[in-house]
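For reference, the structure discussed in these notes is given below.
The values are calculated or read from the model by the stated rules, or taken from the named source; none is laboratory data. All values derive from a computational prediction rather than experimental measurement. Please note: Cβ atoms are built from the backbone with ideal geometry, for glycine as well, and neighbour counts cover all protein chains shown.
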């Protein structure tokens, strides 16, 4: 699905639910995210439209597991407000750092099948990216794994620490 179709899906979803699109929050390989609100209201939230079905379904399942957990190991977790399979849309709350977002690339119930070399290289990159905060991020990852969520998009845009 291309960017034009993602935008069309966001506009269609917004119209169907009485939302106003305020601007983009980000985009990536899995889709695009917009800042939205109910028309005439002040409270804002995020709308993510996925480019394909598999990451959409994974992310919905992760948010279902995290539904009653607004904070995990000190990190804010967005709350999924609703989702729509037809448009591959997830509407969620907006969180401030420290936070964890974007579960589209997570694995559920079983860790990804990466070689030891890939894991070692990945761990080196993550340790370097987070420096002294790496132990804190590791605790977050272990807590997710305890719920059967194997998160491996450990990038500072997805796991942000307090600024």
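Checked against the criterion of being in a helix (DSSP H, G or I), within 20 Å of the chain's Cα centre (by Cα) and in contact (Cβ under 8 Å) with a residue 40 or more places away in the chain, segment 111-129 has no qualifying residue. In a residue-by-residue description of segment 87-100, the property of being surrounded by 15 or more Cβ atoms within 10 Å (Cβ to Cβ) and without any contact (Cβ under 8 Å) to a residue 40 or more places away in the chain applies to at least one position. Within segment 139-163, restricting attention to residues that are over 16 Å from residue 107 (Cβ atoms) and assigned to a strand (DSSP E or B), the residue that is farthest from the chain's Cα centre (by Cα) is 160. For segment 148-158, a residue qualifies if it is in contact with a strand residue (DSSP E or B) (Cβ under 9 Å, 6 or more places away or on another chain) and surrounded by 14 or more Cβ atoms within 10 Å (Cβ to Cβ), and the qualifying residues are 148, 149, 150, 151, 152, 153, 158. Only residues that are surrounded by 13 or more Cβ atoms within 10 Å (Cβ to Cβ) and without any contact (Cβ under 8 Å) to a residue 24 or more places away in the chain were counted in segment 26-52, giving 3. Among strands (runs of 3 or more DSSP E) entirely within segment 1-96, having at least 2 residues that are closer than 18 Å to residue 151 by Cα, over 13 Å from the mean Cα position of the chain (by Cα) and at pLDDT 95 or above singles out no element at all.
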